[in-house]
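Please treat every number below as a calculation from the coordinates, not as lab data. Since we're looking at a predicted model, the values are computed, not measured. Because the Cβ atoms are built from the backbone with ideal geometry, glycine has one as well, and the counts that use them run over all protein chains shown.
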Amino acid sequence: MSEVLDVIKERSSIRKYRQDTLTEEIVDKLLHAGLQAPTARNTQELHFSVVRGGHPVLAELDKEKKQVIAASLEDQTEKDNILNQPDNFYFDAPVVIFVDADKDFGWSQVDAGIAVENIALAAQSLGLGSLIIGSVKRAFEGEKKAYFETTLQFPENHEFAIAIGVGYKDTEKEPHTYDPGKAVSFIK
Ligand SMILES: Cc1cc2nc3c(=O)[nH]c(=O)nc-3n(C[C@H](O)[C@H](O)[C@H](O)COP(=O)(O)O)c2cc1C
């Protein structure tokens, strides 16, 4: 089996990391994997914001995400559960990369998904773990949207698409199982 197929097969979502710093060289490799991803019409409209663990904006995003979700709930116990959740959205990954994209380009979300998977596979091939993160999108739905977009230096007319946390694994997780019989049709 080729190395690429092995990496695809072995990748899984990691939600516990060692706190070792990722060198700039490693971060650079991850970013290049994102930048080398194909984009529709080769638009290359994606932008990547790299945030190191411990940056205050991560805690602010986490708090806002929880508040936005809690505000949408009616049940007080459910609200309290969300607000008191012990984990943060990025599970203390030492690096979080936010991918943002042109609001008005119809393929932006697809392009961002491809780029983030390239980063996830690059991380796996470098012996790192990763977690693709969509849940933080809720933080961009509240009053602090503009503040977060400015702090993360999104270019004009860009919006959050997806994020990915990366770091050295402090846990192992088996890749997910799947059912090709259910998910695939061969058209004859
Ligand atoms: C678009 C997308 C968004 C995701 N968002 C989150 C998230 O916000 N939080 C989280 O813990 N996992 C998130 N995940 C990870 C999925 O839960 C995970 O990929 C899935 O359970 C399959 O597990 P595996 O990645 O280990 O194969 C996301 C995955 C994708 C593709």
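Dimensions of segment 44-129 from C-alpha coordinates, computed as largest minus smallest value along each principal axis and given longest first, are 43, 35, 20 Å. Taking the DSSP beta bridges with both ends in segment 3-171, the antiparallel portion is around 95 percent. Placing unit charges on each Cβ (+1 for Lys and Arg, -1 for Asp and Glu) gives segment 3-171 a dipole about its Cα centre, and among Leu5, Ile69, Thr171 the Cα reaching farthest toward its positive end belongs to Thr171. Across segment 6-60, Cα-Cα distances exceeding 20 Å account for 46% of all pairs. Taking one quarter of the surface of the C-alpha convex hull of segment 133-188 gives a mean projected area of 8.0 nm².
Listed by Cβ neighbour count within 10 Å, with the fewest neighbours leading, Thr171, Thr77 appear as Thr77, Thr171. Think of it as helices only: each DSSP H run of n ≥ 4 in the chain is worth -39500 (n - 2.57), and spread over all residues that comes to -11500 deg cm²/dmol at 222 nm.
The three principal axes of the C-alpha atoms in the chain carry coordinate ranges of 50, 46, 36 Å, sorted with the longest axis first. For the chain, the membrane-span-like helices by this rule, meaning whole DSSP H stretches whose C-alpha atoms cover at least 15 Å of axis and whose Kyte-Doolittle mean is -1.0 or above, are 24-35, 56-71, 108-125; this says nothing about an actual membrane. Straight-distance candidates among the lysines for linking to Lys103, with alpha-carbon spacing under 20 Å and chain neighbours fewer than 8 residues away dropped: Lys137, Lys144, Lys145.
Select from segment 129-178 those trypsin sites (Lys or Arg not before Pro) which occupy a DSSP coil region and have at most 15 other Cβ atoms within 10 Å, ordered by residue number. Filter output for segment 129-178: Lys173. Comparing mean-square fluctuations of Ile162, Ile97, Ile82 from a GNM of the chain with C-alpha springs under 10 Å, the top value falls on Ile82. Annotation note: GluC sites (Glu not before Pro) in segment 52-83 located in DSSP loop regions with a Cβ neighbour count of at most 11 within 10 Å are Glu74. With a cut-off of 14 Å between beta carbons, the residues surrounding Glu60 carry a summed charge of +2, where Lys and Arg count +1 and Asp and Glu -1. Exposure here means at most 12 other Cβ atoms within 10 Å; with chymotrypsin sites (Phe, Trp or Tyr not before Pro) in a DSSP loop as sites, the longest stretch of the chain lacking them is 1-177.
The residues Ser13, Ser49, when put in order of fewest to most other Cβ atoms within 10 Å, stand as Ser13, Ser49.
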